[in-house]
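Trainee: Before I ask anything, let me first share the structure, which is written out below as structure tokens.
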Amino acid sequence: MTPKNAVYTHGHHESVLRSHRWRTVENSAAYLLPHLRPGMSLLDVGCGPGTITAELAALVAPGTVTAVEVTEEALALARAEVERRGLSNVEFAVADVHALDLPDDAFDVVHAHQVLQHVGDPV
């Protein structure tokens, strides 16, 4: 599934975004907390509105988080959240999860929350 033929069935209606903005590291990625350290490099695939992304960035600072979404419109939501929180250690990329144009072994941690249900070939 490429960005051209990807279908995000939930859409970006405000009711969907409200649900996604509720997500935090604590309630949606707590399993990562014992493993995160300052200075780490983290990839957040399917970052959505960026609430988890921003918290991850705060936890790994001065390390970096690379936030990935399938469209620039979707990525704009995360950009706005990161800017709202005044974070400077997040990079953004529009990318296809099946063909990430990122070097191998570039990240200490790769995080994906609720992404696999939306890709055509999750394996």
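The values are calculated or read from the model by the stated rules, or taken from the named source; none is laboratory data. Quick caveat, the model's predicted, so the values are computed rather than measured. Backbone-built Cβ (ideal geometry, glycine too); neighbour counts: all protein chains shown. SASA here: full protein model, heavy atoms, side chains in, ligands and nucleic acids out. Shrake-Rupley method; radii C 1.70, N 1.55, O 1.52, S 1.80 Å.
Trainee: Tally up the residues in segment 77-108 that are at pLDDT 95 or above, surrounded by 13 or more Cβ atoms within 10 Å (Cβ to Cβ) and either over 12 Å from the mean Cα position of the chain (by Cα) or in a loop (DSSP other than H, G, I, E, B) (or both), please.
Mentor: 6
Trainee: While we're here: Looking at segment 31-76, which of its residues are among the small types (Gly, Ala, Ser), touching a Ser or Thr at 6+ places or on another chain (Cβ under 9 Å) and either part of a loop (DSSP other than H, G, I, E, B) or open to solvent by 10 Å² or more (accessible area, probe 1.4 Å) (or both)?
Mentor: The answer is Ser41, Ala61, Gly63.
Trainee: Scan segment 48-76 for residues that are more than 12 Å from the chain's Cα centre (by Cα) and β-branched (Val, Ile, Thr) and jot them down.
Mentor: Of everything in segment 48-76, those that are more than 12 Å from the chain's Cα centre (by Cα) and β-branched (Val, Ile, Thr) turn out to be Val60, Thr64, Thr71.
Trainee: Sticking with this one: Identify the residue in segment 32-63 that is hydroxyl-bearing (Ser, Thr, Tyr) and over 11 Å from Val109 (Cβ atoms) and, among all such residues, is modelled with the lowest pLDDT.
Mentor: Applying the filter and picking the extreme gives Thr51.
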